[in-house]
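Input: a single structure, listed below in C-alpha cells.
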Amino acid sequence: MDIPYLDLTRIRSAVETFVSRAGADWSAIKRAGKAVPLGDLLDGHPLCLVEVKNLTPQAVALRLQQRGIDAALPAGNPRQPLAGFVYGDGLRALIFLNRDDPFARRRFSLAHEIGHFMMHGGGALARATAQPAKKQMEYNPDRDDPREIEAHAFAAELLMPWEMVAHEAAALRAGTLGPQRAILALAARLQVSRQAAARRLAEWRGVA
C-alpha cells in the first residue's frame with residue numbers, strides 16, 4: 001500500500017500476536033497454504049461474534065441494549081448500512097457482521113474488525129465499517145482515516161499473508177497464469193473475494 005504512515009511492521013506484529021494468543025502457530029498456518037482458520041482463532045480470544053441481518057448503527061444499539069449496554073455510538077445516520085461494527089475495550093469486544101453479505105466478504109469484515117480490536121482497542125472502542133457502494137472495491141478503505149487503513153491492512157495480512165500469495169503472484173509474473181485465473185485461484189484458496197485477491201496480487205512487488 002502506498003501510504004506513508006502505514007507501519008507494516010506494527011501491523012504484522014499485531015497479526016502474529018492475535019494468532020499466538022489463540023494458541024496457534026502462525027508459521028505453520030502460512031506453510032499450510034490454506035484459508036486461515038479465522039473461526040478457530042476467534043475462539044481463542046474474548047471476542048463474541050454477532051451476525052445481524054440489515055446491520056445498521058440502530059441495529060447495533062438495539063443488540064447492545066439487549067445485553068444491558070447503554071452505548072454512545074458514533075454520530076451519523078442510524079440507518080446507514082454497515083459491513084461490520086466492533087464494540088468493546090482492550091480486554092473484550094463484540095463484533096457485529098452483516099449476515100446478508102457473501103461469505104468471503106464477511107471473512108474480510110471480521111478480520112477488519114479484529115484489526116480494530118488488536119490495534120485500536122486500548123480504551124473504549126466503537127468503530128463502524130460502512131457498507132460500500134455496490135461497485136466499490138471492499139479492499140479500499142477511507143484513505144483519510146488511518147485507523148481504517150490499518151484495520152484493512154491487518155485484514156489483508158491476516159487472510160492473505162505474502163507467503164500465501166507467492167504461488168499465484170509468481171505464476172502471474174512469469175506469465176504461466178493469466179490475471180483472471182490467478183485472481184480466481186487465490187480467492188478460492190484463501191476464501192477471500194475476487195476484489196481483495198486482485199488488490200493483493202497488484203500489491204505484490206513486481207506485479208502490476
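Quick rundown of the values:
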item: Selection count, segment 185-203, where residues are under 16 Å from residue 33 (Cβ atoms) and either touching a residue at least 12 places away in the same chain (Cβ under 8 Å) or crowded, with 16+ Cβ neighbours inside 10 Å (or both); result: 10
item: Residue satisfying all of: in segment 1-36; aliphatic (A, V, I, L, M) and part of a helix (DSSP H, G or I); modelled with the lowest pLDDT among these; result: 8
item: Residue ID - surrounded by the most Cβ atoms within 10 Å (Cβ to Cβ), chosen from residues in segment 101-137 that are closer than 17 Å to residue 80 by Cα and at pLDDT 95 or above; result: 109
item: Criterion (out of contact with any strand residue (DSSP E or B) (no Cβ under 6 Å at 6 or more places or on another chain) and surrounded by 12 or more Cβ atoms within 10 Å (Cβ to Cβ)) met by exactly one of 68, 90; result: 90
item: Only listed residue being in contact with a Ser or Thr (Cβ under 8 Å, 6 or more places away or on another chain) and outside any helix (DSSP H, G or I), chosen from 70, 101; result: 101
item: Neighbours by Cβ (under 9 Å, 6+ apart or cross-chain): first from segment 84-98, under 20 Å from residue 53 (Cα atoms); second hydroxyl-bearing (Ser, Thr, Tyr) and part of a strand (DSSP E or B); result: 84/129; 85/129; 86/129; 93/87; 94/87; 95/87; 96/87
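The values are calculated or read from the model by the stated rules, or taken from the named source; none is laboratory data. Computed from a prediction, not measured in an experiment: that's the story for all the values here. With ideal geometry, Cβ positions are generated from the backbone for all residues, glycine too; neighbour counts draw on all protein chains shown.
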